[in-house]
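The values are calculated or read from the model by the stated rules, or taken from the named source; none is laboratory data. Since the model is a prediction, treat every value here as computed from it, not as a measurement. When we count neighbours, we look across all protein chains shown, and the Cβ atoms used for this are built from the backbone with ideal geometry, even at glycine. To get the accessible areas, we keep the full protein, side chains included, count just its heavy atoms, and leave off ligands, DNA and RNA. Shrake-Rupley method; radii C 1.70, N 1.55, O 1.52, S 1.80 Å.
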Amino acid sequence: MALRTRIAVTFILLLAAVLAAALGAVSATNHGNAEREVQRQLDVGALVFTRLLDSNRRQLTQAAQAVAADYGFREAVATRDTDTLVSVLENSGQRIGAAMVVLTSLNGQVIAASGLHVKAGTPFPLSPTQESSMVGDSATSLMVDNGRIYQLVTVSVRSPLPVAWIAMGFELDAKAARELADITGLAVTLSVNSGGRRTDLVTTVPAGEVHRSDVVTRRMEMSKWGNAKVFATLSRSLAEARAPFERLTKVLFLIAAVSLIASALAAFWLARNITRPLKDLTRAVDRMRAGAYDVALRVQRLDELVVLAEGLQLMQTAVQSRDRSIRTLAYEDALTGLMNRTAFGASLTQALAAAGAPIAVAVINLHRF
């Protein structure tokens with residue numbers, strides 16, 4: 001492998017190793033950040049969901065207490081004026097958007113109802129003290145009826161002793177779940193677990209993403225309904241959470257690829273710029289080794305290669321001078337400066353080899369020279 005290629009490849013491999021380590025660290029950090037972000041969103045979502053239920057409870061309690069404290073309503077309860085009771089229940093439910101308002105006797109028999117398909121005189125599915133949280137004269141609970149989940153608040157009607165109960169509730173339907181999902185950015189699922197079998201009643205999870213393996217969930221038990229448990233599940237896909245980080249990683253990979261290509265071009269250019277003068281000097285040295293000492297050594301640079309070229313030029317001059325001295329001693333007579341016998345023999349051999357005309361040789365001998 002040529003020196004230029006070795007220099008460029010070494011530089012590229014080192015840069016590629018550094019970029020790979022940096023991108024690996026960034027990718028691992030992004031994955032960790034995505035998981036932490038999902039856990040943070042689940043914590044926030046659970047808090048928002050709890051506060052939403054608490055806000056609903058307060059709103060229902062205030063509305064139910066206002067109805068229970070109304071003198072005319074209490075008179076209608078005492079006289080069992082069903083038409084008046086139904087009208088009051090409907091108006092009070094419409095004011096706050098309640099899905100159901102039910103008036104029951106102390107033993108749980110329905111007296112009047114609005115928004116729920118029950119008849120007067122039938123037992124109400126939920127007793128105020130059954131599976132509920134009693135606070136003074138009010139109770140909070142969840143009720144499941146025909147596949148629907150209701151958040152209920154039950155308030156006693158006093159005259160002055162308790163004479164009846166008002167149950168008022170919001171339906172936790174798909175709209176409520178969607179609003180919560182929009183606020184928190186999480187998928188919301190309301191389910192009932194009965195006998196070890198789970199049934200999802202309300203969910204905002206798309207149908208194609210129900211069985212995804214990269215989903216992180218947070219399950220919150222809301223209440224018990226008979227032998228069943230009602231719970232909410234907040235979920236978020238890690239792939240969705242990682243999407244912004246993945247886009248950042250792709251941009252970093254693109255930048256790294258462009259940087260690597262640019263660095264490769266720069267490395268080959270730099271290696272070529274370094275090795276080209278070395279090649280010129282190497283060719284000059286080869287010609288000097290072959291006996292040609294008139295080779296010009298020119299390097300148009302201002303670095304260490306100039307020093308090398310100058311050193312080779314000085315060596316060339318010294319070798320050329322020594323070669324000339326050796327040739328003078330070998331082929332010339334030191335006294336006369338003429339060719340000696342060796343040079344004469346070599347010249348004669350050349351003349352005979354290229355003889356195209358007669359050749360004459362004169363021998364002169366000087367006595368006592």
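Listing for the model above:
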{"quantity": "Selected residue (only one of R218, R247, R178 is open to solvent by 60 Å² or more (accessible area, probe 1.4 Å), in a helix (DSSP H, G or I), of a type in the set (K, R) and touching a residue at least 24 places away in the same chain (Cβ under 8 Å))", "calculated": "R178"}
{"quantity": "Scope the stretch 234-273; condition in contact with a His (Cβ under 7 Å, 6 or more places away or on another chain) and of a type in the set (S, T, N, Q); matching residues", "calculated": "none"}
{"quantity": "Long-range neighbours under 8 Å by Cβ, at least six apart or interchain, first residue surrounded by fewer than 21 Cβ atoms within 10 Å (Cβ to Cβ) and assigned to a loop (DSSP other than H, G, I, E, B) within the stretch 89-101, second modelled with pLDDT under 90 and hydroxyl-bearing (S, T, Y)", "calculated": "A99/Y150"}
{"quantity": "Failed condition for D43, given (1) open to solvent by 70 Å² or more (accessible area, probe 1.4 Å); (2) under 26 Å from the mean Cα position of the chain (by Cα); (3) farther than 30 Å from L152 by Cα", "calculated": "(3)"}
{"quantity": "Residues (closer than 24 Å to V251 by Cβ and of a type in the set (V, I, T)) located in the stretch 24-52", "calculated": "V26, T29, V38"}
{"quantity": "Which listed residue, of V210, V295, V285, V202, is modelled with pLDDT of 80 or more and either open to solvent by 40 Å² or more (accessible area, probe 1.4 Å) or aliphatic (A, V, I, L, M) (or both)", "calculated": "V202"}
{"quantity": "Complete set of residues in the stretch 141-175 that are in a loop (DSSP other than H, G, I, E, B) and surrounded by fewer than 24 Cβ atoms within 10 Å (Cβ to Cβ)", "calculated": "N146, G147, S159, P160, L161, D173"}
{"quantity": "Sole residue being of a type in the set (S, T, Y) and touching a residue at least 60 places away in the same chain (Cβ under 8 Å), chosen from S237, S213, S194, S259", "calculated": "S259"}
{"quantity": "Cross-chain or 6+ apart pairs with Cβ under 9 Å, the stretch 344-369 first and part of a loop (DSSP other than H, G, I, E, B), then of a type in the set (G, A, S)", "calculated": "I359/A351"}
